[in-house]
1. I'd like to verify a number: residues in the range 90-111 that are within 25 Å of V151 (Cβ to Cβ) and crowded, with 20+ Cβ neighbours inside 10 Å, how many?
2. Quick one: I152 ticks every box in (1) over 21 Å from K309 (Cβ atoms); (2) in contact (Cβ under 8 Å) with a residue 40 or more places away in the chain; (3) surrounded by 20 or more Cβ atoms within 10 Å (Cβ to Cβ); (4) touching a strand residue (DSSP E or B) at 6+ places or on another chain (Cβ under 9 Å) bar one, so which box is it?
3. Check every one of the helices (runs of 4 or more DSSP H) wholly within the range 211-269 and list those with 2 or more residues that are polar (S, T, N, Q).
4. Restricting to the range 118-149, and then to whatever is part of a loop (DSSP other than H, G, I, E, B) and touching a residue at least 60 places away in the same chain (Cβ under 8 Å), can you tell me which residue is surrounded by the most Cβ atoms within 10 Å (Cβ to Cβ)?
5. Tell me yes or no: at least one residue of the range 182-200 is under 16 Å from I295 (Cα atoms), within 16 Å of the ligand (Cβ to nearest atom) and either of a type in the set (D, E) or exposed (fewer than 15 other Cβ atoms within 10 Å of the Cβ) (or both).
6. Residues being among the charged types (D, E, K, R), over 18 Å from Y197 (Cα atoms) and in a helix (DSSP H, G or I): count how many of those fall in the range 270-313.
7. Go through (1) in contact with a helix residue (DSSP H, G or I) (Cβ under 7 Å, 6 or more places away or on another chain); (2) surrounded by 17 or more Cβ atoms within 10 Å (Cβ to Cβ); (3) small (G, A, S) one by one and return the number of the condition A274 breaks.
8. Given the criterion in contact with a Leu (Cβ under 9 Å, 6 or more places away or on another chain) and either under 22 Å from V170 (Cβ atoms) or within 16 Å of the ligand (Cβ to nearest atom) (or both), identify the matching residue among F82, F73.
Amino acid sequence: MQSSLSLLKLSTLFNYKYFFMKPIFKNLIWLLLLIFSIQLVIQAQDDNKVRVIMIGAHPDDCDDDGGGTAAIFAQMGYAVKFVSVTNGDAGHQLIGGVELAKRRFAEAQEAGKRLGVVYDVLDNHDGQLMPTLEVRLQIIKKIREWNADIVIAPRPNDYHPDHRYTGVLVQDAAYMVAVPNIAPETPALKKNPVFLYFQDRFQRPNPFRPDIAIDITAVFDKKISALDAHESQMYEWLPWIGHYADKIPKDKTERIKWLAGTRKQEIKPEVKSALEKWYGKEKAAAIKNAEAFEICEYGAQPDQAMIKKLFPMVAK
Ligand SMILES: [Zn+2]
């Protein structure tokens, strides 16, 4: 008798109508529906986010060339990713190989955290990068997976072969990201992103043209903090290869100050003109630090309105 009563209770409990009519379950359903709707709204906002991918040859290149702009984008709520095409396993005078690659991966993760960006490192050897089909496919996948609206990479003329070939590889990916038959396991982009180049100092075959210049004065310390995360480079390898290792302060606070000093460069006249174009003369006069970008001929060609939409910080 006892057991049949329990059975009855149990069956009543799992009776569909009874279960859903209980006030507690009604409230629970409303709560779940609410959570579900909030998630949908968040998802929709996420889908509307402008998505930026910066691609450099080594784990510290994007930080150096676009770290300030990346920090501003991240603060604005954009989704920002850095990709290092090599693992950096040649950039040190005392260690190399897997040991160095691991150290540099950890430094890149810390730098990414400090800037608010995702930092990917591809497992290609440093100093040996070639513009092969294999690496081109890796880059096509990265740009597609990130569903990028903006892609920033080096120009294909540079003293360092890894920088040069990263430029070539990204250029070679610019059209292919929209071709479904290439790397079909990663869906092709429906729209071609805007491709831009990082600023460089090289004059041949043609000098860098600053189409867009960004005021990074307010986030300059953040950029320096990201560079400071690359200890093996900023305080060990680059000073060693550049013959200025004796200039690095031992004290951690002092060496960040020293690092900031090395990155405080005078704004070149052509970048100054670009800043005046985008920010107005008065605002441009107060800008202490800037990063500039050239629009690549491949990929989507943005008009003024599009540039202002993608780079709203320049809208006067
Ligand atoms: Zn580099």
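The values are calculated or read from the model by the stated rules, or taken from the named source; none is laboratory data. As the structure is a prediction and not an experimental result, all values here were calculated from the model. With ideal geometry, Cβ positions are generated from the backbone for all residues, glycine too; neighbour counts draw on all protein chains shown.
1. Total meeting the criteria: 6.
2. The one condition I152 does not meet is (1).
3. Values: elements: 220-229, 238-241, 252-263.
The qualifying helices (runs of 4 or more DSSP H) are 252-263.
4. Here is the first cut: in the range 118-149, the residues part of a loop (DSSP other than H, G, I, E, B) are 122-132, 146-149.
Narrowing the set further to residues that are touching a residue at least 60 places away in the same chain (Cβ under 8 Å) leaves 126, 129, 146-149.
On the way: D126: 22, L129: 23, W146: 20, N147: 16, A148: 26, D149: 21.
Among them, the one singled out is A148.
5. The answer is yes; a qualifying residue exists.
6. Selection size over the range 270-313: 6.
7. If we test A274 against (1) in contact with a helix residue (DSSP H, G or I) (Cβ under 7 Å, 6 or more places away or on another chain); (2) surrounded by 17 or more Cβ atoms within 10 Å (Cβ to Cβ); (3) small (G, A, S), just (1) comes out false.
8. It is F82.
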